[in-house]
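Data block below; observations after.
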Amino acid sequence: PPIIYQQRARRVSCSEQMMGKEQYSRSFADRFLQYFKNQFQRKCTTTYECQYPLEQLDLTEPDMNIACVERSEDWKGQWFGRDAVGLGDTEVFAEFLTMMGGSVVYRNGTLRSTDDWIDVYTNEVTVMTMFFSPEKRAVLQCKVTFGVDGSMIDGEHTIGTYMEPPPARRDRVRALCVAICILTSLGIAQQLRRAWRRVYLKHEAVSVTGLFGEVGVRAAFLIYSLFFLYEMANATDFYDETVGPMLEIEWTDSTQTYESKVTRLFQRVDEINAFINQQTMQRTAGFAVMLAGYARLLFYLGVHPRIAILVNTLIKATDDLLHFFFSTAVVLLVLGFLGMWLFGQDPGMAIFKDRGTAMSTMGLMALGEFGDLDDASALFSVWVVIFAFICIFCLLNFLLAIIIDSYMVVKRAVEECVVEDNFPMDMCAVLTSGLRQLYYRWPRKAEVIVCLRNLDQAEKSKSSFHEEDDETTPIFQVDLERMEDSNGRPLFTVATAKTWYDFYKRYDCLHPDFVANTEDEQGKNILKYVQEGTRRSLQPTADGCESITSKTSKTSKADPAQNAPKRRHLDALQAALEMRHDAHENSVLDKLRDMERQSSELLQSSRSRVDLVTSKCDDLAQTANQRFASIEQQLLAISRALQIAPAPPKALPPLASNATEIPMQMPEFSEKSDRSPASTSDVGSDGADVVLDS
């Protein structure tokens, strides 16, 4: 049956409750206590004679008729004729919920009103009911709790469920856990072996964060699966051992006390609560493990540029998002404090009663749930408008702008990437590359990459145009047949080199991006130069091929069957010559392109330097002309005072626009040129000798 139970607070004397409080609280309460004492003495001693059941009310002060409530402590006495029973760590007074349907109840020879069952000493009231399904072996527990929080009453509800899985499902889950344990163990061993080989054999650096992330996620799956297997191995028949005895309680048996029946019931309820809490914690741990695996799956999407847009966008926006969330947290904390301070004391505004509730309310408002605002006050309406403007119209749009800006940067990078194809084609190439390697007897990719890197380093050291701090590598010709591994063995044969080259030449990213236009003069010269260089480099080989061809043709007339191997060798030699011809032509074009680029850079640098020198010379000439004009004016003033006619100074010749050097000799000016003629001239007695400092 449904049960209703309550927790009651202990009654203490008001003087005892005020011990340890702040001084201002004690002085304020002492005035009320003295007032009540005076009232009790005046009414119950002077005028009337009052008799109170002090023992029943547990009043420790006989000169008062009031007591205080200490809600931090539970009372363990008797209420409504029932003793307190244990439920978990608390003492409660339990009744059947049907008792609240009537107006009175008869207990221990006393008629009591059901309305008095809840009074000022009640801390918390809980209504609990449980449902069972023997066929599905399931149990459902529902609880509704009302508690006193200061001057307000809060309510919450909880629902706990458990359904015992059938044996067939448990066998499948057990097999799945065993498979997960095997796979995760192999994955951990593979990751550790790969890290050991890179550190101790190849002497390469290993990302510690990445290694701990991979091993940590796999270890979490392994530990959770092992714990699940342990729980299944030690599991008992929960429904029969826990729920069954609960259903066997004889509520109509008058030989057993009510308290003993409720105690048996609450013992089973405690077991059910503990088991449901354990299952909830286990599901929470499983959720955390699955969330870690989901995060790893998202990072695995970064293996291909086109499906890595989500991950790369979040990584690109990480810095901006951190600063945005910091600003948002400051704004929300201030608004939440204002809301709690303004509306938290209003019983009708329980959504702002404390900081946590206020933050939760603002989170719902950010999602559009403002509730009923018809009866809201003007001050609350102003707060809502401020919140909507800052959080919805500003902060949410800022967040969208950050995400969209990062997405555009990542999208542009994907469009500029030249080494990727669409995801299905690349996946097919990855899946079939191993089969092609086995079928065509290609070398391993790691060996080819190491050899190409060594060739890059060697070419960098040979190149005369390569800067020391330049990370690029000049384009050069590579003979596949001469590539060797670390032991000096060739990586390719003639047949494998041709198939390997034919496979990789279909990718556009491996094609040269320089195309010469043979219509203009520059393209014709480049083509002519390439053709002449190729003809000169291949002329000895061509002559040898012609002689071999003539000899072979002569011998083939005599015995065609005998010369068939020679004919095949000649065909292979011609194919190799064609490949070398194409490679040499590409190499010459690359060198010409590098020379043209370097020449254009030098020409551009020279032009910029000439323009800079010309500009500086023009400024210098203009400054000199201005100084000469000033000197001329000063000389004219001095000559008027001395009646001397000086010759005008010669102006500088104008600077030509195409001049690179100007023969110029600038006069030196002293700091005394700004003084007046009276202070800068010394006139003799005959008025003929004049010495000018300027």
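The values are calculated or read from the model by the stated rules, or taken from the named source; none is laboratory data. Please read these numbers as outputs of a predicted model, since none were measured by experiment. Neighbour counts run over all protein chains shown; Cβ positions are idealised from the backbone, glycine included. All accessible areas refer to the heavy atoms of the entire protein, side chains included, with ligands and DNA or RNA removed. Shrake-Rupley method; radii C 1.70, N 1.55, O 1.52, S 1.80 Å.
Here are some notes:
- Cβ separations smaller than 7 Å between residues 6+ apart or across chains give the following pairs from the range 237-252 residues that are open to solvent by less than 30 Å² (accessible area, probe 1.4 Å) to residues that are outside any helix (DSSP H, G or I) and of a type outside the set (Phe, Trp, Tyr): 238/164; 239/137; 239/164; 243/139.
- The residue that is modelled with the highest pLDDT, counting only those in the range 394-424 that are open to solvent by 90 Å² or more (accessible area, probe 1.4 Å) and over 24 Å from the mean Cα position of the chain (by Cα), is 416.
- Residue pairs whose Cβ atoms lie under 9 Å apart, separated by 6 or more positions or on different chains, with the first residue in the range 58-84 and assigned to a strand (DSSP E or B) and at pLDDT below 80 and the second surrounded by 16 or more Cβ atoms within 10 Å (Cβ to Cβ) and among the basic types (Lys, Arg), are 68/11.
- Residue in the range 145-158 that is surrounded by 12 or more Cβ atoms within 10 Å (Cβ to Cβ), of a type in the set (Val, Ile, Thr), under 17 Å from residue 268 (Cα atoms) and modelled with pLDDT under 90 present: no
- Counting only residues that are within 30 Å of residue 479 (Cα to Cα) and surrounded by fewer than 14 Cβ atoms within 10 Å (Cβ to Cβ), the range 592-640 holds 5 of them.
- Candidates 318, 313, filtered to the one that is open to solvent by less than 40 Å² (accessible area, probe 1.4 Å) and either of a type in the set (Phe, Trp, Tyr) or farther than 29 Å from residue 154 by Cβ (or both): 313
- Residue in the range 209-217 that is among the aliphatic types (A, V, I, L, M), within 25 Å of residue 84 (Cα to Cα), out of contact with any Pro (no Cβ under 6 Å at 6 or more places or on another chain) and open to solvent by less than 40 Å² (accessible area, probe 1.4 Å) present: no
- Tally of residues being open to solvent by 40 Å² or more (accessible area, probe 1.4 Å), in contact with a helix residue (DSSP H, G or I) (Cβ under 9 Å, 6 or more places away or on another chain) and not hydrophobic (A, V, I, L, M, F, W, C) across the range 87-114: 3
- Within the range 484-504, tally of residues that are open to solvent by less than 30 Å² (accessible area, probe 1.4 Å), more than 44 Å from the chain's Cα centre (by Cα) and of a type in the set (A, V, I, L, M): 1
- Listed conditions (1) open to solvent by 70 Å² or more (accessible area, probe 1.4 Å); (2) in contact (Cβ under 8 Å) with a residue 40 or more places away in the chain; (3) not β-branched (Val, Ile, Thr) are all met by residue 324, apart from (1).
- Helices (runs of 4 or more DSSP H) contained entirely in the range 294-378, each with at least 3 residues that are modelled with pLDDT of 85 or more, within 30 Å of residue 417 (Cα to Cα) and not small (Gly, Ala, Ser): 309-316, 318-343
- The set of residues in the range 200-257 being over 41 Å from the mean Cα position of the chain (by Cα) and either at positive phi or small (Gly, Ala, Ser) (or both) consists of 244, 254.
- Scope the range 434-454; condition more than 34 Å from the chain's Cα centre (by Cα) and either open to solvent by less than 70 Å² (accessible area, probe 1.4 Å) or touching a residue at least 24 places away in the same chain (Cβ under 8 Å) (or both); matching residues: 434, 436, 437, 440, 441, 442, 443, 447, 448, 450, 451, 452
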